[in-house]
Amino acid sequence: MTPEDFDRSSVTEAVVSTRTRPSIVWLIPLVAALVGGFVAWRTYSQLGPLIELDFESAEGLEAGKTEIKYKDVDVGVVETIRLKADLSGVVCTARMVKGAEDYLRDGTRFWVVRARVAGGQVSGLGTLFSGAYIGVDPVREGKRMRQFHGLEVPPIVTSDQPGRTFVLHSHRAGSIDVGTPVFFRKIRVGEVVSSELDPSDEFVTVQVFVHAPHDLRVHRDTRFWNASGVHVSMNSQGVEVNVESAVSLLIGGIAFETPIGESSEPAAEEGSPFELYANRDATEREVYTIKSYYQLYFDQSVRGLNIGAPVEFRGIQIGEVRDVKLEFDAKTGQFRVPVLVGIEPERIGNLGGADPAARRTALERLVQLGLRAQLASGNLLTGQLLVELDMHPGSPPAQMVWSEPYAQFPTIPTSLEEITSSVTRLAKQLGNLPFEQIASSVDETLKTARAALAQADRTMAAATALVGPDSPANSELRQTLLELSDAARSIGLAADQIQRQPNSLIFGKEANQ
Amino acid sequence: MTGAAPGTALAASCAVCHDCGLLSRLRGHAAARCSRCGAGLHARKPRSLERTWAFVIAACLCYLPANLLPIMRVTSLGRGEADTILSGVEYLLTHGMWPLALVVFTASIFVPILKITILVSLLVSVQRRSSWRPRERTRMYRLTEAIGRWSMVDIFVVTILVALVRLGNLATVEAMPGAVFFGAVVVLTMLAAESFDPRLIWDRSEARGI
C-alpha cells in the first residue's frame, strides 16, 4: 500500500492542544522585578528623617555631598542648601539615616566642623583635605524636633563626655573666653564652656566644664581663681613670679584648689555656683563669707579715703570701705560724710560668730566700753586714709544706731584733729586772759620790787661794814681763833700723855719720864 | 504558522539551519534536527515574541535602579562621593568636559532607552500584524543588534577604575549596585534583540498580499 492510496479522510484528526505553558524565560523579568523591588524597599526603608538646619553661612557645605557625622560615622547627608527668605543665613535640609529619630531632640546640637585654632587647640585638620562636615551632639532626652539651629563654633563639651559643669561668678572676665583651660595643680582638667554677662550687669557668669574624674576634686569649699597671665607678688621674702602654664600665659586660664584639711566636704553638685577670685592670693584672703555693713558719719575731710581702704582694728584688717558719700543735713545745716564699711565679723574671734543677734549684743557692749571708729593716716607719703577701730575708754558716750539699711557706728575725730582742736581751745582761753590788768599789776609789782632791792642794797652795805677786814669784829675773831688753836694743841698733848701713861690721868705726870 | 506567505521557505515546508545554513525539509511538528550539524530546526524562532517581551520587561525593570542607584563611589583623601550615571554626566558638564559628557550620556542613557523603545515598538507592530514599512523596521532591528555590544562602556570604565585606583587612603574607587543593574540592562536588551525573529516582520506584510 502506497501512501497515495491512503484515504486521509477516514482518519480522525488529532486534537492539537493550543494551550502552552508559559516559557521559563519569564523567570528573568520576575527575578528582575524581585531584585529591583528589594533594592527599592531597602533604599526606602533606610531613609531616615529629613531635618532642617540653620547656619549663618554655608562655608564649606555642599549640597548632596556634605555629610553629618557623629564620632566619624556618617549619620546623614546634606541634600539642599538655600538662602533664608530674609537673607540672614542659610537653611540646609539633610537626610538622616534610619534610627536617627531617637536622638533628634531639642537639645541636639549641630555645627560645622572646619579646621580651626581656638582655645590653644587645633581641631578639624582632617577637614582641610576632606572638606567640612557637620558634627552632631546627639541627645536622647527632650522633645522630638526636625528643625535645628546650627552652632557657629563647635561646642567645647559634648553630651557624651563625662564630667560636670560649674558656674563661676566674677566681677571681670579678665582674659577668660570660651575654651580657656581649667587647671588643677597645673594639670589641664577642663575648659570654659561659656562666658557671659549676668542680666544684672554686675558680674560675669563663667561656666566651666571639669572632665571626669577630676570633677570629683571640686568640693563645696573649693576656690576658683583666674590664673591668666603672670602673677607677680612682692613680699618680705622677695619677688615671686607665678605662671600657671605657658598656655594660660597666652590664652588665660582658671585654676582651682580645695583648702587642705577641709576636703572632707562632699563633691560639689552639677551646676554649683562658685566665686571666681582675681588671683590665688585673693582666695586665701577672702575666706570670710559673712559681711556686715555699717555706716560711719564723719564731720571732717575724708580726703585720701578711697573705696577699698582697709578697716583695721589695732593694725589688723577686719574689713574695707565700700562707699563714701556726702550728705547735707537740712536740720542742722551741716555737711557730713557717711562712709559705708563692710566688716567681716568672722575675722574677730569670739565676736558672736555667725549669729547676728549675738554679734549685735557684743557690738553694743563694745561700744559702751568705748569702741569707736576714727580716720587714721595709712600712708604719710600719699596721704591715704584708713578707718581704724579702737577702744577709747575716755571718749564721750555713744551708742549703736540700728537704722535701716545700715546700722550707724559711733565715730570720734582723728587724733590729729583732736590735737588741733585742743590747741585751738587753748588759744581761745589765752585770748580770754585780762592782759591789761596783768600788765598794770606787773608794773606795780616791779616798782615795789625796785624799792625792795634798794633796801637790800643798803642792808648789804651795812653788813659789809660790820664784818669787813678792818672791823673790830674781824680782829676779835682772829684773836679768838688763835686762842682756840692753842687750846687745841694743849688738848693734843694731853691726849698723847694719856695714851702713853693712862694712869697719869689719876696719878699725875711722872717726873722721871 | 497558518498564513504562510507563498514563496517563502515556510510555505514550502522548509527551514534553514541557524548554525550551518543547510536547507532542510520539515515534516510535521516534531522537533526536527539538521541532518548535517545536528542543531534544532525551526522555521521561525520558537516563542520569539514571548521571550523578547520577557527580556524587554526585565530590562525595563532593571533600568530604573540602574539610573537611580549610584554606579560607583570615589573616595579620595577620606572624602567619599557616590555618583549615579546622571550625576556623573552633570559633573562632566559643569566642569566643561562636554564632549565626554555627550559620550557618556549617549552610551549610558540614550542608547539603552533607544534599544528598549525599538524593541517594544517592533514587538507591538508584529503583534498587531502591522505591515507598515517593514524595511525600515528591519533596519531598526539591525541597528539594535549592532549597538548592543557598545553599551557596556560604563561598565568597562568602572571595572578598570576599580582595578587601577587602589591607593588606600589617597583614592579608592568602588563599584556600587547601580553598575550591576546597568550591566543587567545591557545584557537583557542584547538577549531580547537576539530572541526576536525579524522574519516575523515580513511574515505579516507578505501574508497581506504580495
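Mind ordering A:339-345, A:465-471, A:52-58, A:67-73 by average Cβ neighbours within 10 Å, highest first?
Going from most to least packed, we get A:339-345, A:52-58, A:67-73, A:465-471.
Along the charge dipole of chain A, pointing to its positive end and built from +1/-1 on Cβ of Lys, Arg, Asp and Glu, which listed residue (A:Gly36, A:Gly252, A:Gln429) has its Cα farthest out?
Selected residue: A:Gln429.
If you build a Gaussian network model of chain B, linking Cα atoms that sit under 10 Å apart, which residue out of B:Met140, B:Met176, B:Met97 swings the most?
Greatest mean-square fluctuation among the candidates belongs to B:Met97.
Defining a contact as two alpha carbons under 8 Å apart and six or more residues distant in sequence, what relative contact order in percent does the range A:46-109 show? Write out the running numbers ahead of the final one.
On the way: 111 pairs, mean separation 26.4, N = 64.
Across the range A:46-109, relative contact order equals 41 percent.
Starting from the amide H of A:Ala373, placed 1.01 Å from N in the peptide plane, find each other amide H under 5 Å away whose residue is 5 or more places distant or on another chain.
A:Thr411, A:Ile412
Rounded to the nearest 10 degrees, what's the angle between the helix A:356-369 long axis and the longest principal axis of chain A, both from Cα atoms, 0 to 90?
For A:356-369 against chain A, the angle is about 20 degrees.
Counting other beta carbons within 10 Å of each residue's own, what order do A:Trp26, A:Trp225 fall into, fewest first?
Listed from fewest to most nearby Cβ atoms, that is A:Trp26, A:Trp225.
So what are the radius of gyration and Dmax for the Cα set of the range A:46-149, in Å?
When restricted to Cα atoms, the range A:46-149 yields Rg and Dmax of 13.5, 41 Å.
Angle check, please: helix A:435-467 long axis (alpha carbons) against the longest principal axis of chain A (alpha carbons), in degrees 0 to 90, nearest 10.
For A:435-467 against chain A, the angle is about 40 degrees.
What's the center-to-center distance, using Cα atoms, between the range B:102-151 and the range A:90-165 in Å?
Using only Cα atoms to place each centre, the spacing works out to 53 Å.
Go through B:Lys45/B:Lys115; A:Lys65/B:Lys115; A:Lys69/A:Lys186 and tell me which ones have a Cα-Cα distance over 26 Å in this structure.
A:Lys65/B:Lys115; A:Lys69/A:Lys186
Mind listing the long-range amide H neighbours of A:Val157? Cut-off is under 5 Å, sequence gap 5 or more, other chains count too, H placed in the peptide plane at 1.01 Å from N.
The answer is none.
Under 8 Å for C-alpha pairs, at least 6 residues apart: give me the relative contact order for chain A, rounded to a whole percent.
Normalised by residue count, the contact order of chain A is 8 percent.
Classify the range A:292-425 from the C-alpha gyration tensor, please: rounded if a/c falls under 1.5, else prolate or oblate depending on whether a/b exceeds b/c.
Cα axes put the range A:292-425 in the rounded bin.
Aspartates and glutamates near A:Lys71 by alpha-carbon distance under 13 Å, same-chain residues fewer than 8 away left out - which ones?
Once the sequence-local aspartates and glutamates are set aside, what remains near A:Lys71 is A:Asp137, A:Asp160.
How large are Rg and Dmax for chain B when calculated on the C-alpha trace, in angstrom?
Rg, Dmax (Cα atoms, Å): 22.2, 71.
Need one number: nm distance between label points at A:Ala439 and A:Ser272, each 7 Å from Cα along Cα→Cβ, rounded to one decimal.
Taking the simple label geometry, A:Ala439 and A:Ser272 are separated by 8.4 nm.
With +1 assigned to the C-beta of every Lys and Arg and -1 to the C-beta of every Asp and Glu, and no other charges, what is the dipole magnitude of chain B about the Cα centre in debye, to the nearest 20?
Taking the Cα centre of chain B as origin, the dipole is about 1120 debye.
Looking at the protein assembly as shown, which Cys residues are left with no other cysteine's beta carbon under 4.7 Å from theirs?
Within the protein assembly as shown, the cysteines lacking a partner Cβ under 4.7 Å are A:Cys92, B:Cys14, B:Cys60, B:Cys62.
Within 10 Å, count the other beta carbons around each residue, average over each peptide in B:149-160, A:194-205, A:423-434, and list them highest first.
Going from most to least packed, we get B:149-160, A:194-205, A:423-434.
For peptide A:32-45, how many partner chain Cβ atoms fall within 10 Å of a residue's Cβ, on average?
4
For chain B, what does -39500 (n - 2.57) per DSSP helix run (n ≥ 4), summed and divided by total residues, give at 222 nm, in deg cm²/dmol to the nearest 500?
Helix-only estimate at 222 nm: -17500 deg cm²/dmol.
How would A:Glu240, B:Glu50 line up from fewest to most surrounding beta-carbon atoms within 10 angstrom?
A:Glu240, B:Glu50
Using each residue's phi in the range B:159-164, evaluate 6.51 cos²θ - 1.76 cosθ + 1.60 at θ = phi - 60° and report the 3J(HN,Hα) Karplus result to the nearest Hz, with x for Gly and Pro.
These are the phi-based 3J(HN,Hα) values: 5, 5, 5, 4, 6, 7 Hz.
When a footprinting reagent is the concern and you count Cβ atoms within 10 Å, what order do A:Ser504, A:Ser490 take, fewest first? Intermediate values should be presented prior to the final figure.
Values: A:Ser504 15, A:Ser490 10.
Sorted ascending by nearby Cβ count, the order is A:Ser490, A:Ser504.
Calculate the translational D of the protein assembly as shown in whole µm² s⁻¹ from Stokes-Einstein, where the hydrodynamic radius comes from the Kirkwood formula applied to all Cα pairs, the temperature is 20 °C and the viscosity 1.002 mPa s.
Values: Rh = 40.3 Å.
My calculation gives 53 µm²/s for D.
Helix A:27-45 sits at what angle to the longest principal axis of chain A, using alpha carbons and giving 0 to 90 degrees rounded to 10?
20
Mind putting a number on the dipole of the protein assembly as shown about its Cα centre? Charges go on the C-beta only, +1 for Lys and Arg and -1 for Asp and Glu, and I need it in Debye to the nearest 20.
5640
Return the aspartates and glutamates within reach of A:Lys143: Cα separation strictly under 17 angstrom, same-chain partners fewer than 8 residues apart disregarded; answer none if there are no such residues.
Result set, ordered by chain and number: A:Glu52, A:Glu101, A:Asp102, A:Asp106.
Pop a pseudo-label 7 angstrom from the Cα along the beta-carbon direction at both A:Thr459 and B:Thr172 and give the gap in nm to one decimal.
Here the answer is 13.9 nm between the modelled labels.
Reachable aspartates and glutamates from A:Lys331, Cα under 20 Å, same-chain residues fewer than 8 places away excluded?
Partners found: A:Asp299, A:Glu404.
Summarise the partner chain shielding of B:54-64 as one whole number: the mean count of Cβ atoms from other chains within 10 Å of each residue's Cβ. It would help to have the intermediate numbers written out before the result.
Values: counts 10, 5, 1, 6, 11, 3, 4, 10, 8, 2, 3.
Partner Cβ neighbours, averaged per residue: 6.
Which residues' amide hydrogens lie under 5 Å from the amide hydrogen of A:Gly319, considering only partners 5 or more residues apart or on another chain, with H built in the peptide plane?
Placed amide hydrogens put A:Val311, A:Glu344 under 5 Å from A:Gly319.
Express in % the proportion of alpha carbon pairs of the range A:157-241 at distances exceeding 17 Å.
Value for the range A:157-241: 53 percent of Cα pairs lie more than 17 Å apart.
Every number in this text was worked out from the coordinates using simple rules, so none of it is lab data. A quick note: this is a predicted structure, and the numbers were derived from the prediction, not measured. Don't worry about glycine lacking a Cβ; one is built from the backbone with ideal geometry, like all the others, and counts go over all protein chains shown.
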